[in-house]
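Input: a single structure, listed below in structure tokens.
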Amino acid sequence: QVQLVESGGGLVQPGGSLRLSCAASGAIVSINDMGWYRQAPGKQRELVATITNGGSTNYADSVKGRFTVSRDNSKNTIYLQMNSLKPEDTAVYSCNADGQWYTGRDSRPFLSWGQGTQVTVSS
């Protein structure tokens with residue numbers, strides 16, 4: 001199928017920045033929407049930002065003006081630039097993507113998730 005692998009998480013002080021990446025691989029025919037989600041301890045997973053194949057973006061109110069989502073369609077990769085980080089941004093960040101993959105006989109839809117990367121904002 002299609003695999004997603006995130007990178008770029010880590011420990012950062014409040015006010016700092018991090019850039020996350022998520023690369024999709026496999027028998028990809030096309031990718032439609034890609035997105036970032038996060039889950040803090042004891043909380044439900046929430047949407048952070050999404051981006052369509054054409055570049056239209058959507059953000060959670062809590063990250064607007066601080067986070068920027070982008071993608072490189074030639075590399076099947078989505079990025080999340082996170083600035084002015086706050087302790088409440090601490091969470092496991094996961095990416096997802098949906099589209100079509102080639103089974104060897106035909107193309108079928110997929111929805112895949114990455115394994116997640118930890119982001120910790122603390123002094």
- request: Rank these residues by their accessible area, most exposed first, probe 1.4 Å: 50, 68.
  value: 68, 50
Percent of Cα pairs exceeding the 15 Å cut-off, where the set is segment 56-123: 65 percent
message: Report the Cα centroid-to-centroid distance between segment 52-112 and segment 1-25 in angstrom, as an integer.
response: 10 Å
- prompt: Cα convex hull of the chain: mean projected area in nm², to one decimal?
  reply: 7.3 nm²
task: Give the carbon-plus-sulfur fraction of the accessible surface of the chain in %, rounded to a whole number; probe 1.4 Å, heavy atoms of protein chains only.
output: 45 percent
- prompt: Going by average Cβ neighbours within 10 Å, how do the peptides 104-110, 1-7 rank, with the highest at the top?
  reply: 1-7, 104-110
task: Relative to the compact-globule scaling 2.2 N^0.38 Å, provide the ratio for the alpha-carbon radius of gyration of segment 1-57.
output: 1.35
query: Using the Cβ atoms and a cut-off under 11 Å, what net charge is assigned to the surroundings of residue 116, where Lys and Arg are +1 and Asp and Glu are -1?
result: +1
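The values are calculated or read from the model by the stated rules, or taken from the named source; none is laboratory data. Please read these numbers as outputs of a predicted model, since none were measured by experiment. With ideal geometry, Cβ positions are generated from the backbone for all residues, glycine too; neighbour counts draw on all protein chains shown. Note: areas computed on protein heavy atoms with side chains; ligands, DNA, RNA excluded. Shrake-Rupley method; radii C 1.70, N 1.55, O 1.52, S 1.80 Å.
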